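Undergrad: Dropping the structure in here first, questions after.
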Amino acid sequence: MNKPILAIETSETQCGASIYFSDEKYFSSTINLKHSHSEKLFESVEYLFNTARIEATELDSIAVSEGPGSFTGLRIGMSAAKGIAYGASIPIIPVPTFEALAYQLSQILPIGTHFAIVNKVNKNEVYFAKFAITSNSYIFINKLNILKLKDLKKSISGIKVFGNALKMVNPETETDNHFPFSPDPLYVAKWAERFGQERKSNDYDYLEPNYLKNFIFKERKA
């Protein structure tokens, strides 16, 4: 790859960005703070451009985590990607959030490991996908879907589980902070480089986050 990729990750609490040239050269900024995306994302991106000493027009593309995840976070990330891409006349690569995280985990888990990524949708449902580690990558065991909380225990029996929904099953569960609930922006870029070249698009108007579930506005009674 001759030009770098700018990656944006805002699917959960983490607000992150990365400029990826290669495994030997990249620049990343990550902030773990709720409701910080709209305020901090452009600050992070500007910081990375200044640190890497490049302009947006020098990028190959922008990789953006497309979801599922936080409705507001995904919308902010996609809007930012569209704005930068439009101004620089470069394509966007929408990156499936759970697949980017699975790819990240594939670099640290033993080959043959079966695991699930489980993140909260609401108090009764979770986003769920099951994977297996292959040589330096992953394969789906169960495709991404929405699972009722009452069915989750059976689905994760006997396998490793990553995500923010574990405490919904057992409030006493201790989560390991070394394992994220969403992908590092560096791996959003790496996924885009390795798997996402055919997803490049300049049709910005047609790119939307993958919410997986319709977002319902509840009318507040007067």
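The values are calculated or read from the model by the stated rules, or taken from the named source; none is laboratory data. None of these values were measured; they are calculated from a predicted model. In this analysis, Cβ positions are derived from the backbone assuming ideal geometry, glycine residues included, and neighbour counts consider all displayed protein chains. Ligands, DNA and RNA are excluded from the accessible area calculation, which covers all protein heavy atoms including side chains. Shrake-Rupley method; radii C 1.70, N 1.55, O 1.52, S 1.80 Å.
Undergrad: Search segment 70-79 for residues being aliphatic (A, V, I, L, M) and open to solvent by less than 30 Å² (accessible area, probe 1.4 Å), and hand back the single one that is farthest from the chain's Cα centre (by Cα).
TA: Filtering segment 70-79 for residues that are aliphatic (A, V, I, L, M) and open to solvent by less than 30 Å² (accessible area, probe 1.4 Å), the one farthest from the chain's Cα centre (by Cα) comes out as MET78.
Undergrad: Ok, one more. Could we say that ALA116 is of a type outside the set (Val, Ile, Thr), closer than 22 Å to TYR206 by Cα and buried (at least 22 other Cβ atoms within 10 Å of the Cβ) here?
TA: No; evaluated as a whole, the condition is false for this residue.
Undergrad: Can you tell me which of (1) open to solvent by less than 20 Å² (accessible area, probe 1.4 Å); (2) touching a strand residue (DSSP E or B) at 6+ places or on another chain (Cβ under 8 Å) is the one LYS82 doesn't meet?
TA: Going through (1) open to solvent by less than 20 Å² (accessible area, probe 1.4 Å); (2) touching a strand residue (DSSP E or B) at 6+ places or on another chain (Cβ under 8 Å) one by one, LYS82 breaks only (1).
Undergrad: Can you find a residue in segment 49-59 that is over 19 Å from GLY196 (Cα atoms), of a type in the set (A, V, I, L, M), part of a loop (DSSP other than H, G, I, E, B) and touching a residue at least 24 places away in the same chain (Cβ under 8 Å)?
TA: Within segment 49-59 (the criterion being over 19 Å from GLY196 (Cα atoms), of a type in the set (A, V, I, L, M), part of a loop (DSSP other than H, G, I, E, B) and touching a residue at least 24 places away in the same chain (Cβ under 8 Å)), the answer is yes, since at least one residue qualifies.
Undergrad: OK, next. Could you look through segment 1-11, keep only residues that are within 21 Å of ALA88 (Cβ to Cβ) and in a loop (DSSP other than H, G, I, E, B), and pick out the one that is most open to solvent (accessible area, probe 1.4 Å)?
TA: ASN2
Undergrad: Moving on to the next point. For SER157, indicate whether it is on the phi > 0 side of the Ramachandran plot and open to solvent by 70 Å² or more (accessible area, probe 1.4 Å).
TA: When the stated conditions are applied, SER157 does not pass them.
Undergrad: For segment 12-48, give me each residue that is in a strand (DSSP E or B) and surrounded by fewer than 15 Cβ atoms within 10 Å (Cβ to Cβ).
TA: SER22, LYS25, ASN32, listed by residue number.
Residues checked against (1) touching a helix residue (DSSP H, G or I) at 6+ places or on another chain (Cβ under 8 Å); (2) over 19 Å from PRO209 (Cα atoms); (3) not hydrophobic (A, V, I, L, M, F, W, C):
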site	(1), (2), (3)
ASN2	no, yes, yes
ILE8	yes, no, no
GLY16	yes, no, yes
GLU24	no, yes, yes
GLU58	no, yes, yes
ILE76	yes, no, no
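Undergrad: Take the residues in segment 162-190 that are over 17 Å from the mean Cα position of the chain (by Cα) and not in a loop (DSSP other than H, G, I, E, B), then tell me which one is modelled with the lowest pLDDT.
TA: Among residues in segment 162-190 that are over 17 Å from the mean Cα position of the chain (by Cα) and not in a loop (DSSP other than H, G, I, E, B), the one modelled with the lowest pLDDT is VAL169.
Undergrad: Using the structure shown, decide if ILE90 is touching a residue at least 12 places away in the same chain (Cβ under 8 Å), assigned to a loop (DSSP other than H, G, I, E, B), closer than 25 Å to ASP203 by Cβ and among the hydrophobic types (A, V, I, L, M, F, W, C).
TA: It is true that ILE90 is touching a residue at least 12 places away in the same chain (Cβ under 8 Å), assigned to a loop (DSSP other than H, G, I, E, B), closer than 25 Å to ASP203 by Cβ and among the hydrophobic types (A, V, I, L, M, F, W, C).
Undergrad: Residue by residue through segment 22-69, note down the ones that are over 17 Å from ASP184 (Cα atoms) and β-branched (Val, Ile, Thr).
TA: Selection gives THR51, ILE54, THR57.
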